[in-house]
Amino acid sequence: MRILSSRVVCLARVLMTASLLIAGGSPILAGDAGTLPVHMAQQTEPVTLYAWNLYPLVSLDPQFAADSPSIGAIENLFLGLTDFHPVTNNAVPELASSWTVSEDGTLWTFTLRGDVPWVRWDPATQQADILRMVTAHDVAYGIQRLCDPRLEAFYAGTASRLISGCGALANMAKDVVTDADYDRVRVRALDDTTLEIKLNFAAGYFLSMSTMWIYRPVPREIIEEYGEDWTEVGTIVTNGPFVLDERVDGARRVFLRNPYLPDDLRGPGNVERVVVAEIGDHFQALALYKDNQLDSTGVPTAELAALQADPAYADQLVPYYDLLVEYFGFTHDKPPFDNVHARRAFAAIVDRQRFIDEEVFLPYVAPMIHFTPPGVFGAPPIDEVGVGFDPDYALEQLALAGYPDCQGFPPITLLVIGDDPAHGEFLAARAEEVLGCPADLFHITGMDLYSVVEAIDPALPPEDQPQMWILVWGPDYPDANNWVGDVLSCEMNPPTRRPCTEIDDLI
């Protein structure tokens, strides 16, 4: 689950095309790549993009990473089997030059190019060394390693349901697993350039999933030599368009163009160096942009109107659209939302258009009554699937749940991301207005993202869980399965804790 900023406005002087895009959030102020901070200008500095991020990197390990800053960096340090086209969202060749699938849809065979090197960058000498070429064995090892329970990878569940044998390895006790057990996973390198992946069932969306960072190759000998430290600066070995030159957590990270990447994989653009500052909030980033110390920054919603009216910045505002969906979730095995009619009632009180009209986002946010956004393969047409806002239906369902006019409805704990309760308060106000619930029905608690995810962990007993929460889902690959399958399935994280039913067969 990649959680990104929900802001959707950028400021831009010039948007450069480059192989690297590491941004601090959906709303960006972006200037010339190569425009130097006034106090740092040097005649010899390479063409540099000064970017930013709100959060630190958690991990540069492709199989372990699960947060947006880390994934953004990995996307530019490691090539994958495929990548997706920035306009069409279709999977296109990257390490794999071609692929075939068996008639029953379960056996995928990828033919890999053999001219992409593993590169180690030495920041002290400013030199890059080629270790060897990337092979199909590196991809097979990476996928098998993802299934290893000792790694405790967040996305292991995504692979274990799909890739044959991955679940068998993932479900083994950590204290008995050895590397020899990797053979359980049906991913095979037939030779240096041929990779075979066996699936548990025919999944047309697997090609879209092959763009994900978790299926990237990794160098086995480096991991075995350095263990958890293999991704440290000066030690990490990568194969992507950039190399890691510096990483200071809490301050910045610096990426340099990989001098040994084959020319046809470079993409357009002239950016040779990217400096990503770690900045604590959008207001500070905006101030740095105005001081010409950033080429891009997010626009805090409180500043949007002023910037629109300022001739110095009005023509630099650019809407930046992303496929993020904010949603309310229910704990299905805790009263009162263990009752389907109660869930339906509260889902039907959310007037999505009114919610947007009362926010500063307009016109950059669209209301939806289903989950998969437009632009994703398999998405239904807007507002043709689902109930949406329906006060009469909501009242009817609440009565069927045994709480006519909200009488006797128990207090609700609602978790929100951050310290702004506005979205939770909107829901509480609609419950009072539509259903007649008391104004103090909801107890709204703000937490950081990861604390919200931990609070709804299925390992916790129901009494320690909230009844509702708010999360934002950003897609990992451009297919509707990443929404309805990877979020709504009874087996997925973050969990709804509902029992598996025939609904999951439909999903």
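Meeting the requirement of 1 or more residues that are over 30 Å from P380 (Cβ atoms) and in contact with a Pro (Cβ under 9 Å, 6 or more places away or on another chain), the helices (runs of 4 or more DSSP H) wholly within the range 403-507 are 449-455. Residue check: Y393 meets all listed conditions (1) of a type in the set (F, W, Y); (2) in contact with a His (Cβ under 9 Å, 6 or more places away or on another chain); (3) open to solvent by 50 Å² or more (accessible area, probe 1.4 Å) but one, namely (2). Annotation: P311 fulfils all but one of (1) farther than 25 Å from P410 by Cβ; (2) within 29 Å of the chain's Cα centre (by Cα); the unmet one is (2).
Suppose we filter the range 260-304 for residues that are part of a helix (DSSP H, G or I), in contact (Cβ under 8 Å) with a residue 40 or more places away in the chain and over 30 Å from R113 (Cβ atoms); how many remain?
The initial filter retains those residues of the range 260-304 that are part of a helix (DSSP H, G or I), namely 263-265, 282-290, 301-304.
Then keep just the ones that are in contact (Cβ under 8 Å) with a residue 40 or more places away in the chain; that gives 265, 282, 285-286, 288-289, 301-302, 304.
Checking which are over 30 Å from R113 (Cβ atoms) leaves us with 282, 285-286, 288-289, 301-302, 304.
Of the residues in that region, 8 qualify.
Taking T100 as the residue in question, decide whether it is on the phi < 0 side of the Ramachandran plot, touching a Ser or Thr at 6+ places or on another chain (Cβ under 6 Å) and β-branched (V, I, T). Judged against the criteria, T100 is a match. Restricting the range 143-157 to residues that are closer than 20 Å to R188 by Cβ and surrounded by fewer than 24 Cβ atoms within 10 Å (Cβ to Cβ) leaves a set whose member that is nearest to the chain's Cα centre (by Cα) is A156. In the set G436, G446, only one residue is open to solvent by 30 Å² or more (accessible area, probe 1.4 Å), out of contact with any Phe, Trp or Tyr (no Cβ under 6 Å at 6 or more places or on another chain), small (G, A, S) and at positive phi; that residue is G436.
Report yes if P62 is open to solvent by 50 Å² or more (accessible area, probe 1.4 Å) and part of a loop (DSSP other than H, G, I, E, B), otherwise no. Give the derivation first.
On the way: open to solvent by 50 Å² or more (accessible area, probe 1.4 Å): no; part of a loop (DSSP other than H, G, I, E, B): yes.
No: the conditions fail for P62.
Here the range 84-101 is the region considered, the condition is being aliphatic (A, V, I, L, M) and open to solvent by less than 70 Å² (accessible area, probe 1.4 Å), and the residue that is farthest from L265 (Cα to Cα) is A91. Restricting the first member to the range 466-489 and to residues that are closer than 13 Å to D504 by Cα, and the second to residues that are hydrophobic (A, V, I, L, M, F, W, C) and open to solvent by less than 10 Å² (accessible area, probe 1.4 Å), the beta-carbon pairs closer than 6 Å and six or more apart or on different chains are V487/W473.
For (1) in contact with a Phe, Trp or Tyr (Cβ under 6 Å, 6 or more places away or on another chain); (2) aliphatic (A, V, I, L, M), each residue gets a yes or a no:
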| site | (1), (2) |
| --- | --- |
| V218 | no, yes |
| E224 | no, no |
| E246 | no, no |
| V254 | no, yes |
| A277 | yes, yes |
| N292 | no, no |
| S296 | no, no |
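The values are calculated or read from the model by the stated rules, or taken from the named source; none is laboratory data. The model shown is predicted, which means the values in this text are computed figures rather than measured ones. Glycine also receives a Cβ, built like all others from the backbone with ideal geometry; neighbour counts cover every protein chain displayed. Heads up: the accessible areas ignore ligands, DNA and RNA and are worked out on the full protein's heavy atoms, side chains in. Shrake-Rupley method; radii C 1.70, N 1.55, O 1.52, S 1.80 Å.
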